[in-house]
Amino acid sequence: MYINDVNEIKDIMEKSGFLKAYIKLEAQTHNPSRDGMIDALKEALNVAWTDIKSVEVSRGETTPTPWEKIPNDVLFGKLAEYKQGMYQHAVNKYGEEVVKKLLGQNM
C-alpha cells in the first residue's frame, strides 16, 4: 500500500464519519428522543469538536455540563448549533461543493 492509498482511505473514513454523525443529527430533527439526541450530539463532537465548541462559545456557552444534567429544552436546542458546527467543519476540511454533494447524495 502506498502513502497516497492510505491518505485516500483516511479521507474516505473521515467523510464517512462526518456523514454518519450528520445523519444522526438530522434524524433527531424529525424524530427526537433524549437518548438519541445525546448519542447524536456526542458523535458530532467526536467528529468536529473544535468547530462545534466555537459555535457554542459564540452563543455564550462556556461551562460544560454533564449530558444527564442538561434539561431537555436545552439539550434539544443544541441540535442547530451542532449541525452548524458539523457543516462548518466539513466545509473547512473538504470545501462546500464536496459537502453539498455528500449531503445531497445521502440525505
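Where a number appears in this text, it was derived from the coordinates with a stated rule and is not lab data. Quantities reported herein were computed from a predicted structural model and do not represent experimental measurements. Glycine gets a Cβ as well: all are built from the backbone with ideal geometry, and neighbour counts include every protein chain shown.
Just in the chain: which chymotrypsin sites (Phe, Trp or Tyr not before Pro) are loop by DSSP and have at most 16 other Cβ atoms within 10 Å?
Values: sites: 2, 18, 22, 49, 67, 76, 82, 87, 94; in loops: 2.
Loop-located and lightly packed - 2.
Rounded, prolate or oblate for the range 1-49? Axes are the square roots of the Cα gyration tensor eigenvalues, ordered a ≥ b ≥ c, and the cut-off for rounded is a/c under 1.5.
Numbers: a/c = 4.80, a/b = 3.06, b/c = 1.57.
In terms of gyration-tensor shape, prolate.
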Across every pair of different alpha-carbon atoms, what Kirkwood hydrodynamic radius in Å does the range 3-106 reach?
14.3 Å
Name the most mobile residue of 73, 51, 35, meaning the one with the largest mean-square fluctuation, in a Gaussian network model of the chain with Cα contacts below 10 Å.
73
Computed D for the range 31-86, Stokes-Einstein, Kirkwood radius over alpha-carbon pairs, 4 °C, 1.567 mPa s, to the nearest µm² per second, is 114 µm²/s
23 Å Cα-Cα threshold exceeded, pairs from 20/42; 69/100; 20/93; 15/53; 20/101:
69/100
How high is the relative contact order of the range 3-106? Use alpha-carbon pairs under 8 Å, at least six apart in sequence, and give a whole percent.
32 percent
Treating cross-link reach as a plain straight distance, find the aspartates and glutamates whose alpha-carbon is under 15 Å from the alpha-carbon of residue 83, omitting any fewer than eight places away in the same chain.
26, 39, 43, 51, 56, 96
